[in-house]
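Taking it in order: structure first as structure tokens, then the write-up.
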Amino acid sequence: MSDPVCRVCLVEDDEIMGEALADRFALEDFACEWFKTGKSALQAIGRKHYDVVICDIQLPDINGEDLFVQLQESGAKLPPFIFATGYGTVDRAVRLLKLGAHDYLTKPLDIHALLETVRGLCKQTRPAAAGVNTLGVSPAMRNIEAMLPRLAKNAGSVLITGESGVGKEQVARALHKVADPEGRLPFVAVNCGALTETLLEAELFGYVKGAFTGAARDKKGVFELADGGTLFLDEIAEMSPTMQVKLLRVIQERKIVRVGGETPISVSIRLICATHQDLKKMVEQGRFREDLYYRIHVIHLFIPPLRERREDILWLATRLLEAWAKETSDRRTLHRSAEKALLDYLWPGNIRELKHCLERACILSRQGPLTAQDLFGETQPVPVEEHGHEFASLNDYLHACERQYIEGMLRTNNWRIAETAAELGISRKNLWEKMKKLQIHDNPA
């Protein structure tokens, strides 16, 4: 028998209501445990895993609000709480939502709406199966995930493309993990756009003592450090023509020579390259070597932008908030207004922008579920279908969003170009070019 869709904790003292809900959850293949008192639920929630809790307010021993507060004070990691009551008031609903409840419903319940809400929460909170590298729930990311076992077995060279911030390194790490589930082999990542030609050569191939001023000892490059495992070269399009020639030779011969050295060193790696640029177009323009292009273009994975795989937005947001909770012990959830705002926004900065948006909201907002106001302030996202009167095309709207995002990052970093470029995952040169294209002036203040 397959695992149940979701584990539900139902806290309801009304026999008729409780039995009806428990039976319906069972029919939907949910694993539902029904508790008729607050104290019995308190003990169970503290020691068992549930994906969602549906709790009545008026219970025979302690009320649902006190139950929730006691669990929060215990420091336990709580699943989303949905409160249901026949004695609803606006003040109580607002108070519970501020405390961190996911939703507040009044009886009689709309069972279909409740089931949809529970299903959505379960998709967000139910942990992935052990050993599965989950990249997303959209068809595009599921297709990429399904390809990883075959690539891990046979592909020695993979090219990953997609806009900045879509998760190219996450896909590369997932591929490496499939090939090395026990984590014994190295995964080394280098951003080629963040280093000058001289520094990049030393970083890739290493150097010998005395090769240049400051080279006080021999140093291995990333090709050697990644030997036996995976080397991820991000922003491969930023390589100079000279470095492209040297990389091509290494790929062909599977041997490197350290800077200032003479002895070839054999390396065995899986090479994963990534870029947000159109390499084929760069080849046609003479800006990227054709022979190198075909060497790294053996297997090509394209990651669509987040706006084209909207099913992943809330899924990713939940996992980013879980990561935040592990780092800070500050567990946050999304209010329904926040979920709608996240889905309305087009995310020109993709996952990287989503991560920054959530972290900023967690830092600046008070305790409780994050609201649309926490995420976007007064400037709330407008659904793209409502933008026809403001923008001539989707491309114009994306440019406006990109400009707003980059300006915000620049302001956050006090207009320091190097720091902003690093956070955006692009080179300083690319940032300057984007600022020029989007007519963003350097520190207008």
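Just so it is clear, none of the values below were taken in a lab; they were calculated from the coordinates. From a predicted model like this one, the values you see are computed outputs, not experimental measurements. Quick reminder, even Gly has a Cβ in these numbers, built from the backbone with ideal geometry, and neighbours come from all protein chains shown.
A compact table of results
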quantity: Across the chain: Cys residues that no other cysteine approaches within a C-beta distance under 4.7 Å; calculated: Cys9, Cys32, Cys55, Cys192, Cys273, Cys357, Cys362, Cys401
quantity: Members of Lys220/Lys437; Lys168/Lys280; Lys246/Lys429; Lys48/Lys168; Lys219/Lys355 lying beyond 29 Å, as alpha-carbon distances in this model show; calculated: Lys220/Lys437; Lys48/Lys168; Lys219/Lys355
quantity: Per-selection Rg to Rh, the chain - Cα, Kirkwood hydrodynamic radius; calculated: 1.04
quantity: Cut-off 18 Å, label 7 Å out along Cα→Cβ of Glu197, residues of segment 240-257 by amide N; calculated: 240-250
quantity: Inter-label distance for Gln70 and Gln43, nm, one decimal - labels placed 7 Å from Cα along Cα-to-Cβ; calculated: 1.1
quantity: Using θ = phi - 60° and Karplus 6.51 cos²θ - 1.76 cosθ + 1.60, couplings along segment 163-179 (whole Hz; Gly, Pro as x); calculated: 4, 4, x, 7, x, 5, 5, 4, 5, 4, 5, 5, 4, 4, 5, 5, 6
quantity: Amide H contacts under 5 Å for Cys32, placed H, 5+ residues apart; calculated: Val8
quantity: For segment 282-316 and segment 334-371, distance of Cα centres in Å; calculated: 27
quantity: Phi-based couplings in Hz for segment 279-295 (Karplus 6.51, -1.76, 1.60; Gly and Pro marked x); calculated: 5, 4, 5, 5, 4, 4, 8, x, 9, 9, 5, 5, 5, 5, 4, 6, 6
quantity: Spin-label pair Thr106/Asp291, simplified geometry with 7 Å Cα→Cβ offset, distance in nm; calculated: 7.6
quantity: In order through segment 38-46: 3J(HN,Hα) via Karplus (6.51 cos²θ - 1.76 cosθ + 1.60), integer Hz, x for Gly, Pro; calculated: x, 5, 5, 5, 4, 5, 5, 5, x
quantity: Extended-chain gain in nm, criterion 0.36 nm per residue less alpha-carbon gap, Trp432 and His300; calculated: 44.6 nm
quantity: Interatomic Cα distance distribution for segment 111-254, bins of 10 angstrom, percent; calculated: 9, 31, 29, 17, 8, 4, 1, 0
quantity: Amide H partners (placed H, <5 Å) of Gly206, local residues excluded; calculated: Gly221, Val222, Val259
quantity: Projected label distance in nm at Asp13 and Asp91, using a 7 Å step from Cα toward the beta-carbon; calculated: 2.2
quantity: Part-to-part distance (alpha-carbon centres) for segment 1-61 and segment 207-264, which is given in Å; calculated: 59
quantity: Amide hydrogen neighbours beyond the local backbone of Val11, cut-off 5 Å, H modeled; calculated: Phe35, Ile54, Cys55, Asp56
quantity: Computed [θ] at 222 nm, helices only, for the chain once each DSSP H run of length n ≥ 4 contributes -39500 (n - 2.57); calculated: -14000 deg cm²/dmol
quantity: Of Ala179, Thr161, Leu195, farthest towards positive along the dipole that unit charges on Lys, Arg, Asp, Glu beta carbons give segment 147-215; calculated: Ala179
quantity: Length gained when the stretch Leu99-Val245 is fully extended (0.36 nm per residue, less Cα-Cα span); calculated: 46.6 nm
